[in-house]
Structures are given as C-alpha cells and as structure tokens.
1. With the checklist (1) surrounded by 10 or more Cβ atoms within 10 Å (Cβ to Cβ); (2) at pLDDT below 90 in hand, flag the one item residue 17 doesn't pass.
2. State all residues of region 22-45 that are within 21 Å of residue 7 (Cβ to Cβ), over 10 Å from the mean Cα position of the chain (by Cα) and surrounded by fewer than 12 Cβ atoms within 10 Å (Cβ to Cβ); if no residue qualifies, say none.
3. Name the single residue, out of those in region 32-85 being farther than 30 Å from residue 16 by Cα and in a loop (DSSP other than H, G, I, E, B), that is modelled with the lowest pLDDT.
4. Is it true that residue 21 is in the same structural domain as residue 86 (by TED's automatic domain parsing) and either part of a helix (DSSP H, G or I) or without any contact (Cβ under 8 Å) to a residue 40 or more places away in the chain (or both)?
C-alpha cells in the first residue's frame with residue numbers, strides 16, 4: 001500500500017531530501033540517524049527503534065512470525081549484511 005509517493009532529485013553529493021510531510025509523520029529531525037536497506041523494490045529508509053516499548057513490540061512481532069529467535073544468529077546475520085554492504089569481507 002502506497003500512502004505517499006513523490007519524485008525527488010538526487011543532489012551532486014548523492015543527497016536526497018526527505019519530504020517534510022514524511023519527516024514530521026515519522027518524527028525524523030535534522031541530525032537523526034536512519035538506516036538504508038536494499039530491498040527487492042528499491043531502497044527502504046528506516047528510523048532506528050530507540051523507544052524500549054517500540055523495540056519490545058518489534059521483537060514480539062518477529063517472534064510471532066518466526067517462532068523462537070536466536071538473537072546471536074540474528075545479530076551475526078545483520079552484522080554480515082552490513083559489512084557486506086560496506087564492502088568488507090570477513
């Protein structure tokens with residue numbers, strides 16, 4: 001489901017401005033960190049979870065979908081993925 005789709009230009013330094021409507025809705029402020037994730041459809045911009053209640057909700061959702069979670073395995077997979085994206089092979 002697409003709620004907002006807007007054409008943006010990439011600047012000379014590779015920067016893209018997130019529209020104000022989206023920044024306000026997702027509470028993204030200047031200087032905030034965001035994750036960029038490659039997906040089958042393109043690039044996903046995601047704000048890191050910093051609220052414990054929200055983090056617990058996300059974890060519960062993962063457990064519901066995957067059953068029991070092996071946190072070490074999940075951490076290792078995410079670390080390998082991020083290192084691979086950064087061009088670092090272990």
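1. (2)
2. Hits for region 22-45 are 24, 25, 39, 40, 41, 42.
3. 67
4. No: the conditions fail for residue 21.
The values are calculated or read from the model by the stated rules, or taken from the named source; none is laboratory data. Remember, it's a predicted structure, so these values are computed and weren't measured experimentally. Here Cβ is always computed from backbone atoms with ideal geometry, including for glycine, and neighbour counts include all displayed protein chains.
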